[in-house]
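Quick note: the coordinates plus some simple rules give every number you see, no bench work behind them. Predicted model, so just to flag it, every value in this text is computed and none were measured. Cβ placement follows ideal geometry from the backbone for every residue including glycine, while neighbour counts extend to all protein chains displayed.
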Amino acid sequence: MLIAMPFMSVDRPSIQLGLLRAIGAAHGFPVGTLHANLDFAARVGTDFYRSVADARGPLLGDWLFAPAAFGAAAPDPDGRLLDELGITGARRDRLLRARAEDVPALLDDLVAAHPWDRVEVAGFTCTFQQNTASFALARRLKAAYPRLVTLFGGAGVDDEMGIELLRRVTAIDLIVAGEADTAFPAVLRALSDGVDAATVPGIARREGSGLKVTAAARPQEDLDALPPPDYREYFARAERLGLLSAAQRREVWLPFESSRGCWWGAKHHCTFCGLNATTMSYRSKSPQRLLTEWDTLARRHRTLRFEAVDNILDMRYLTELFPAIADGRHDYEFFYEAKANLTREQLRSLARAGVTRLQPGLESLSSAVLRLMDKGVRAAQNVNLLRWAGYYGITVAWSILWGFPGETAADYAEQAAVVPHLAHLRPPEGSGRIWLERFSPLFRTVRKRTPEKSYRYVYPAGFDLDRLAYFFDDESGDALPDEVYAPLEAAVDDWSRAWSREPRPALTYRAAPGLLEIQDSRHPASAGTYTFDGAIAEVYLACVERPTGVSAIHQRLRRPEFVDEVLAEFARRGLIFRDGSLVLALATPAVPGR
């Protein structure tokens, strides 16, 4: 039985469970799945569940399950974490009640409602604040069924984090490190045959007073060889619990993977990113294999929406896959992550193929800060992506991050100054200081770091937090003070408020030979139409398609002083974005779909 505990999202099935169930079946093992996160959401209400699951920051979800996981050894019986987080009143009371009443009741029901006496292996996936909830259920199961083997995997138990947890949590029998495509069926075969499971590559277990750890298995190279994930149990359970109606079923975005690793990270690991700890090498499925998988999943689960779990889009799909989807026979809708240097033509190709949601790794409007991140893009490219994605109807998920070693106050003052000119573009979903993530380049270079404060309210004394934590605080004293970022944060808040009003802010243009009209309704107090003729119009239109070098516009018009004067006036009116030697028109075509 493969189990997903809280606080994984309830809005989609677990690809870990779905894929490993299919892999187990392909090797002849009866594997069930249990989305126990759905049970908890049904018990406490989906709004409350999401308020914990979607919270960025401290380990509130792990804190809720800590007493059930560790018993009397659990720290913070009085809720001091809530005091530190400033949580008071009804919210505090509800969290304390969930910890004292709802969590034990959930575990009681999970143990009582399933034929665990017929289960030989309970496998737990630990990623989305699922550690302590998984320990808690494993503890209950081991007490009731001592011969049951517990198997843990996922990003939450990767590398030395898993080793420390195996050393301290007696309810864990085996840990799978890294990708489990070959290790999972190999462990089941070993257990079935009575062979030591620790002979399987990538497995850790206790041995006497110590641990036995085998060398990690090679990452899965041939992704085409993997079966499509099987999500039938998720839908049946969600419907049975009243969380999903037949109509709502069609709205679920099915997780799928078309690639693993990160082709950009293999060359330039973004400094703050802790993903792909031991599996950065990039591998992807063939276009034909993906088309077959989407068709299979759509027929099986009756939904045409797909959410890629990939870290980055395989660029060959732009020419070899997406044109085939835009053939009129596939009405699929997609979410993808990508690099932010996509061109207008590439975004048009994505939109025609049904990509309606995109997360392009867009985290700053400053080229200086982007260089510190090692993102491999300029700020003008980020803005250009927002322009054309909006024009083609693609919703972009992005944020503004700060707190990078080497940044300056000027980097953020410049961003705050330009934000009002971008009011017609989709604003970031948030802004804030980065955390240090284990496995990131910054994690290795920051002079002094400590585990994020909430770990001490979750794990008992004796646990080595430096070994088990994934999130850390920078204690080196090198960071800029919060007040440096306050003007940018305020500007982003204004941006979000402007975007929420109707009609939304807009900046569009219409052009004909020798004529340009720009309709500006970004700010009601200054709304109006600009009309430009001749060479002035030509200067603007020279940087409409993409960020363009000023020198290229000089060469095109052969009037450098005139071009510089015109660009300066466009910049003063907020009609272009200047990024060093690059300039970019901010308006998009008034006529849609071109």
Counting only DSSP beta bridges with both residues in the range 191-332, tell me the antiparallel percent, nearest 5.
60 percent
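Based on Cβ point charges of +1 for Lys and Arg and -1 for Asp and Glu, what charge dipole magnitude is obtained for the range 2-213 about its Cα centre, in debye rounded to the nearest 20? Walk me through the intermediate numbers first.
Values: 22 positive and 26 negative charges, 51 e Å.
With Lys and Arg at +1 and Asp and Glu at -1, about 240 debye.
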Please work out the C-alpha center-to-center distance from the range 405-424 to the range 541-557 and express it in whole Å.
24 Å
What angle, in degrees between 0 and 90 and rounded to the nearest 10, separates the Cα long axis of helix 486-500 from the longest principal axis of the Cα atoms of the chain?
80 degrees
With 0.36 nm assigned to each residue of separation and the Cα-Cα distance removed, Glu569 to Thr296 gains 92.7 nm
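How fast does the range 2-213 diffuse by Stokes-Einstein, in µm²/s, taking the Kirkwood radius from C-alpha pairs at 10 °C and 1.306 mPa s?
Working: Rh = 17.7 Å.
Here the translational diffusion coefficient equals 90 µm²/s.
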Report which label in (1) 33; (2) 16; (3) 5 holds the value of percent of Cα pairs over 49 Å apart derived from the coordinates of this structure.
(2)
For the pair Glu502 and Ser399, the simple spin-label estimate (label points 7 Å beyond Cα toward Cβ) gives in nm 3.0 nm
Of the beta bridges DSSP finds with both residues in the range 507-589, what % are antiparallel, to the nearest 5?
90 percent
Vicinal HN-Hα couplings computed from phi for the range 473-483 (Karplus, 6.51 cos²θ - 1.76 cosθ + 1.60; Hz; Gly/Pro x):
9, 7, 10, 6, x, 8, 6, 6, x, 4, 5
Tilt of helix 344-353 relative to the longest C-alpha principal axis of the chain, in degrees (0 to 90, nearest 10)?
50 degrees
I'd like the antiparallel share, as a percent to the nearest 5, of DSSP beta bridges with both residues in the chain.
50 percent
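How high is the relative contact order of the range 1-136, given as a whole-number percent (alpha carbon pairs under 8 Å, six or more residues apart)?
Normalised by residue count, the contact order of the range 1-136 is 42 percent.
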Charges only on Cβ, +1 for Lys and Arg, -1 for Asp and Glu: so what's the dipole of the chain about the Cα centre, in debye to the nearest 20?
880 debye
Residue separation between Ala112 and Lys453 times 0.36 nm, minus their alpha-carbon distance, gives in nm 119.2 nm
Treat the count of other C-beta atoms within 10 Å as a stand-in for reagent exposure and order Met280, Met315 from fewest to most.
Met315, Met280
With the 8 Å Cα cutoff and a minimum separation of six or more residues, the range 286-336 has a relative contact order in percent of 49 percent
The size of the Cβ-based charge dipole (Lys, Arg +1; Asp, Glu -1) of the range 133-278 about the Cα centre, to the nearest 20 debye, is 640 debye
Listed by chain and number, the residues whose amide H is under 5 Å from that of Arg206, excluding neighbours fewer than 5 places away on the same chain and using placed H, are Lys212
Listed residue pairs exceeding 20 Å between alpha carbons, taken from Lys339/Lys448; Lys339/Lys375; Lys267/Lys339; Lys267/Lys375:
Lys339/Lys448
Can you list the residues, at least 5 places off or on another chain, whose amide H is less than 5 Å from the amide H of Thr356, using H built in the peptide plane?
Phe334
What helix-only [θ] at 222 nm does the chain give? Using -39500 (n - 2.57) per DSSP H run of at least 4, over all residues, to the nearest 500, the answer is -11000 deg cm²/dmol
Rounded Å value of the spacing that divides the Cα centres of the range 447-500 and the range 38-75:
20 Å
Highest mean first, what order results for 71-83, 579-591 on Cβ atoms within 10 Å?
579-591, 71-83
With a Förster distance of 30 angstrom and the Cβ-Cβ distance between Ala525 and Ala490, calculated FRET efficiency to the nearest 0.05 equals 0.95
Mean-position separation - Cα centroids, the range 141-172 and the range 112-137, in angstrom
10 Å
Sort 523-536, 117-130, 388-401 by packing, meaning the average of other beta carbons within 10 Å per residue, with the highest value first.
117-130, 388-401, 523-536
Sorting check: for 477-485, 438-446, which peptide has the highest mean count of neighbouring beta carbons within 10 Å, and how do the rest follow?
438-446, 477-485
In degrees, nearest 10, range 0 to 90: what is the angle between the Cα axis of helix 103-112 and the longest Cα principal axis of the chain?
60 degrees
Along the charge dipole of the chain, Cβ charges K/R +1 and D/E -1, which of Phe272, Val52, Gly593 sits furthest on the positive end?
Gly593
Compute the relative contact order of the chain as a whole-number percentage, counting only Cα pairs closer than 8 Å that sit 6 or more residues apart in sequence.
12 percent
